[in-house]
1. Compute the angle between helix 135-158 and the longest alpha-carbon principal axis of the chain, please, reported from 0 to 90 degrees and rounded to the nearest 10.
2. Measure of size requested: the Rg and Dmax of the chain, with Cα atoms as the atom set and Å as the unit; please supply both.
3. Could you give the alpha-carbon Rg of region 17-143 over 2.2 N^0.38 Å, rounded to two decimals?
4. Using the structure shown, list the pairs from Lys551/Lys608; Lys114/Lys576; Lys444/Lys489; Lys162/Lys271; Lys464/Lys489; Lys411/Lys477 with a Cα-Cα distance above 19 Å, or answer none.
5. Taking only the alpha-carbon atoms of region 261-407, what semi-axes of the equivalent ellipsoid follow from 5 times the gyration tensor eigenvalues under a square root, in whole Å, largest first?
6. Output wanted: per-residue J couplings in Hz (rounded whole) for region 15-27, from phi through Karplus 6.51 cos²θ - 1.76 cosθ + 1.60, θ = phi - 60°, x for Gly and Pro.
7. Taking the simple approach of a point 7 Å from Cα along Cα-to-Cβ for both Glu385 and Thr628, what is their distance in nm?
8. Let's see if you can work this out: charge +1 on each Lys and Arg Cβ, -1 on each Asp and Glu Cβ, no other charges. What is the dipole magnitude of the chain about its Cα centre, in debye to the nearest 20?
Amino acid sequence: MEHRHDINGLRAISVIAVLFFHFNLLGLQGGFAGVDVFYVISGFLMTGIIIRGVDKKTFSFKDFFAARARRIVPALSAMGLVTLLVGFFLVDAQSYRELALDVLSANFFVSNVKFFREHGYFDSNSNFKWMLHTWSTSVEWQFYILYPICLILIRRLFQSPKAVAITLWVGLAISLAAGVRFTSTHQAAAFYLLPFRAWEMIIGGLVALRAPGGDAEAAEPKRINSLFLHYLGLAMICLSIIGFGPATPWPSYWAIAPVLGATLVLLAGQKDAFWARLPIVSTLGAWSYSIYIWHWPVLVLSHYLDLPETLGVQVLLLAIIFLLAYGSYTFIETPFQGRRDGATMRFGVHPRMLALGALWSSAVLFALFVTLAGGLPQRGSASPELVKDYAIAAADRTFPDTCSWNRTARKLTPCVIGSPNQGTAFIGDSHAEMLYARFAANPKGQSYTFLTLGGCPPLLGVRKAHEAGSECDQFAKQAFQIATTQPYKRVVLTAFWPVYLDAPPPGKPGNPNQLCFVGRLGCKVEDDPAAYRRALDRSFEQLAQSLSVVKARGGEVVVMLPTPYATFDIPREIRKDLFWGKGADHLSNLPRAEVEAATAESRARLLKLAARLGARVIDPLPVLCTATVCPLTAPDGRSYYIDSNHIRASMIRTDRFNYLDAIAAPPSSPKSH
């Protein structure tokens, strides 16, 4: 097919959208839609290649997959190999092992499944997932494997191009409907997995089918209509990139906008569009795959090295990315993409394929070695025992995965220790869940029920403002209904309160914990701090009214004040400093004054609620902190924390946290704090 500048231009727009989204530049909060545009292009091109080959009786699965491998694998494997080499000198053992596992999953094109399986409230920060961006190449490769088989099977079975088109339309409808449905119930699956993304590539294939032989140029509309479709499509893509954001449920039906926009551009057939022939656009389009492949590890490394997010640093990182993209395109992509020449075949294989196999094998074997070697902990200066402990800290939790909120059924599943509907009921987020380990280990004949959903505060009528499909309000409604209608002796409120009540400041772009407030017209976002606090006042009024039912029947309300927390991932930062030989003393304690300042607003609000209800207050601060500091690590150097704020299950069972036993003590007990 003749070169189409418009497709190259779409690639340029898409990769810049993704790049600027990840760098948080120019406010392009919907830049993730660039991936969807890539998918449409891919489906269009692959369908054209397959149909032309079938019609000319020249199609070969071997040649098709070899061509796809030459297109995708070299830059991908080279990026993984270089990242592993850089990581050898800079990255601690646990993070290095995680990097190696990511490289393996990327090179076997299953990283989308890996990241889907890892998705959850306690999933590590995406800023430290080295190969996160390769989920999209994995989806694309899985499509390449299945699509030609299905397409050719249908073509040969029915001997009719129309049957192929009908089948694709059916597949598109099923995939789109499933994607919309699963976005609201299993958002991670809808985002990462092929069945819910296939429609975006199928629609590109339908464009290719409009013309004989899959050549969409033959179906080009009249010029005036063509120009209109072309610019309408571009407008839809650009508006999606500008208008959507983290709170947009994705992919869902919102993805139709950029996908349809890309489809219109392809249908218009303006292959020589003037804007797409501009040198900068042409270059960005040609480099787009290399830019995409190399940009994310550079960004993750900057986060790992704690580089400041200043304009100067961002310019430097972008310069490095474009330099790597130039080298990758010139010395890796282009040589592997060249047409077959007269090179001597070796073992019946073209030398380029042998080189590709060697590059892929090098990346895979290196990653496998690092994985089996546990991240090569001997590279650092810390004791092996301490390195091992910090490696397992992030997984040191015991709350059952079968409990919490069921998004499919939209039903809360309580976790019960002892007899149901008796004793103590905990309502809260993951800070309630972290208490489970202590009471499950030694229930002392008591019964405990946990009504929890990670990331959702025990407040009525609120959702997460910037979380697509947040159901915090429905969770809280069911939790309080259970707690107030069953004969519990006491109801305990606990949460990571500061991030909801005094996240500084409410409305800050990208603040994932900002709440919105449910009303008749939807969930209202209050960006003004004063308005945010007034809305919280109304939510706490609803909370007080609900809990008054517990008090009226003779039950007790217990309010837990915030646990001391850091603003950084404690095990990760200490691992890094130990690896670099800096020691961890400067990270072992937080100044108590900082903790008090960070929790002041939430403490004041909770104490006011407790006073109104006559509730008992459990305050961790006097127990977990000295007069001057709040320790983050035990005397032997082990972290008390899983991350920045959750206590490890193995630690919460120790004597240091005996103050928690006061929760189940009668009101007159001297254990109460």
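Values quoted throughout were computed directly from the atomic coordinates according to the rules given, and no laboratory measurement underlies them. Predicted model only: the values in this text are computed from it and were never measured. Don't worry about glycine lacking a Cβ; one is built from the backbone with ideal geometry, like all the others, and counts go over all protein chains shown.
1. Taking Cα atoms only, the helix is inclined about 50 degrees.
2. Computed over the Cα atoms of the chain, radius of gyration and Dmax are 28.0, 91 Å.
3. Scaled against compact globular proteins, the figure is 1.24.
4. Lys114/Lys576; Lys162/Lys271; Lys464/Lys489
5. The three semi-axes for region 261-407 are 39, 27, 20 Å.
6. Working through the residues one at a time gives 6, 5, 4, 5, 4, 5, 5, 5, 8, 6, 9, 6, x Hz.
7. So the two model labels end up 2.8 nm from each other.
8. Computed charge dipole of the chain: roughly 1500 debye.
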